[in-house]
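Below is one structure, written out as structure tokens; comments come after it.
Taken together, the values in this text are just the output of simple stated rules run on the coordinates, not laboratory data. A quick note: this is a predicted structure, and the numbers were derived from the prediction, not measured. Reconstructed Cβ throughout: ideal geometry from the backbone, glycine too, with neighbour counts over all protein chains shown.
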Amino acid sequence: MATWNECNATIGVSSGKWYWEVLFVSTAELRGWLAGVRTTHGQVIDSSWGRGAWNAAEDGYAYSIWDDGSKTIDGTTTTSPAFMSALSDGDIIGFLLDLDSATTTFKVYVNNSLAGTLQSGLQAGQSWNPGIALADPSGGNNSIAIMNFGQDSSFAGEKTAQGNQDDNSIGDFYYDVPAGYLALCTSNLSAPSIADPTDHFNTKLYTGTGSELAIDSVGFQPDFTWIKTRTLTYNHRVFDAVRGVTEELYTNDTDVEVTDAQSLKSFDADGFTLGTGSGSNPSSTMISWNWKGDGVSGGTLNQDGDLDSQVNVNTTAGFSIFGYVGDGGVSATVGHGLAQTPELVIYKNRDGADDWVVYNKTITATDRLKLNDPGAATTASSQFNDTEPSASLVTIGTYNNINKLDDNYIAYAFHSVEGYSKIGSYEGNGDADGPFLYCGFRPAYVLIKEADATSNWDIHNDKTLGYNPDNDQLSADENAVMKTNDFIDIVSNGVKIRTDDGGYNTDSSTYIFYAIAETPFKTANAR
């Protein structure tokens, strides 16, 4: 083949001590092979992995070895001095990734002899994936490598494992696994902090009746409910416990808050009750997305910032609702109630017909997006006063849609929780075989938006899907009916993009996403 093929493990790890092996198969004309680790950075290994132009801010970090004995660190290849001797046909490379020691290390063994430490002091707070890339520079032949994460005792007949078959945590490898190291498999992953994500978020489908209707089996009392008809061109409606029931806002519109006594009438122990309002209870198939807060109606007073806020928060699940009154100043801080820095914050002026304002960690506090608008991110430095959120505060500027004197505001803040939610980004490749978004769980909810160009805020869920890629979508910025485009696969550990559609996969364009788990990866099955 004239081009490179890459693949990586389906598991990303940020802690622990891990071992895996690669069998190298080569002859003189079969050259062009590298293997190592890279940070997941929201997507799989891409075409520049460890070999070409590299931007650590966009591509993450990568450490890899070549079959000729050279090494590549974040796109920079060193051939002299060589990292190790050139590989020979049948060599077995053992990789040891230690993320628990004070000085984290990534070591390489060849035929059970230490070749060297490829990297010491790995970047903290990263999630790492083993990976490999193969090429045939001469054309006409295929490079071969077999990766073994403990599942392959025979190495495809080339080698015979020494043992370890009785210890599933160690796995089946050719060489003995060093003490303290484990096979990279789901059974060795840490137990997630949230074993059942449906205790904190759940998608609930129902059919409207036009008569008062109690929706149950949500699994908890929601404090934030988002409702949309799937077959009618009605607005998205959102309700929360801080503003109070019957108070609705429309994500696809700039309208001020509307009080409708026949909309969502109560948040209940296992769901919510709807009145006869046509927006939330028409004769149509409906969808609702439900987030659990702390159950306090009206919120709890938070005085951490310059402006007081009323906060309803679920720190376990990384979600908060906070309301405040604007002071019209150049800069003010507001307490959001979370215990960690939010990565996504959505604001709306309840009293003014203003845009929804969106902060996202990838586009930073210098720029903003609008939830009701498909437009690209734009620079608006005074929106957040160019100040990133902190673990307790957000900063707001002078715009009417975020801080007008005496206007009432509501905001929804989110941060990632390992095994439960993921706020990330990826770069499009413009190919129907698109990027993979590593989440660490099988998603129940996925929101995707292109940051660099005009595209919808597309939402997918786990309740209306058929077999992959039949995962229907709604768009938060428009009142359209549910669309049936086949754009993504929902898999056991994330999302695979299956389209070159511009809303999901323009070459070199940046996309942001927010996903919530149906099942943690440790216990998830493929769909």
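Here are a few things to note about the model shown:
- Charge tally in the Cβ shell below 12 Å around ALA376, where Lys, Arg are +1 and Asp, Glu are -1, ALA376 excluded: -1
- Exceeding the 31 Å Cα-Cα cut-off - candidates LYS292/LYS522; LYS204/LYS449; LYS204/LYS522; LYS361/LYS404; LYS265/LYS496; LYS265/LYS361: LYS265/LYS496; LYS265/LYS361
- Taking the DSSP bridge list for the chain and keeping only pairs wholly inside it, about 100 percent are antiparallel.
- Based on Cα atoms of the stretch 421-523, Rg over Rh with Rh as the Kirkwood radius reads 0.93.
- Along each principal axis, taking the top coordinate minus the bottom one, the Cα set of the stretch 332-449 gives 49, 31, 24 Å in descending order.
- Where a label projected 7 Å from the Cα of SER508 along Cα→Cβ would reach, residues of the stretch 68-110 with amide N under 19 Å: 75
- Net charge of neighbours whose Cβ lies under 9 Å from the Cβ of GLY16, counting Lys and Arg as +1 and Asp and Glu as -1: -1
- With both residues required to sit in the stretch 300-414, DSSP beta bridges show an antiparallel share near 95%.
- Computed FRET value (nearest 0.05) for SER278 with ASP100, which takes r as the C-beta separation and R₀ as 60 Å: 0.60
- Projecting label points 7 angstrom from Cα along Cα→Cβ for SER190 and THR231 puts them 4.7 nm apart.
- Counting only Cα atoms, the size of the chain along its three principal axes is 76, 47, 42 Å, in decreasing order.
- Counting 0.36 nm for each residue step from GLN340 to ASP216 and taking away their Cα separation leaves a gain of 41.5 nm.
- For the stretch 197-291, alpha-carbon Rg over 2.2 N^0.38 Å: 0.96
- Contour minus Cα-Cα distance for ALA453 and ASN485 (0.36 nm per residue): 9.5 nm
- The ALA86 and LYS496 beta-carbon pair, evaluated with R₀ = 30 Å, returns a calculated FRET efficiency of approximately 0.25.
- Helix-only [θ]222 nm of the chain, DSSP H runs n ≥ 4, -39500 (n - 2.57) each, per residue, nearest 500: -500 deg cm²/dmol
- R0 of 45 Å, Cβ-Cβ distance ASN525-SER381: FRET efficiency to nearest 0.05: 0.45
- Here the Debye sum runs over all C-alpha atoms of the stretch 295-389 as equal scatterers in vacuum, and log10 of I(q)/I(0) at q = 0.12, 0.18 Å⁻¹ comes out as -0.39, -0.91.
- Spatially, the stretch 467-527 and the stretch 437-455 are offset by 6 Å when compared through their Cα centroids.
- Neighbour counts of other Cβ atoms within 10 Å put LEU274, LEU184 in the fewest-to-most order LEU184, LEU274.
- Ordering ASP367, ASP306 from the fewest to the most neighbouring beta carbons within 10 Å gives ASP306, ASP367.
- Label zone of THR366 (point 7 Å out along Cα→Cβ, amide N under 20 Å): in the stretch 331-345 this covers 331, 343-345.
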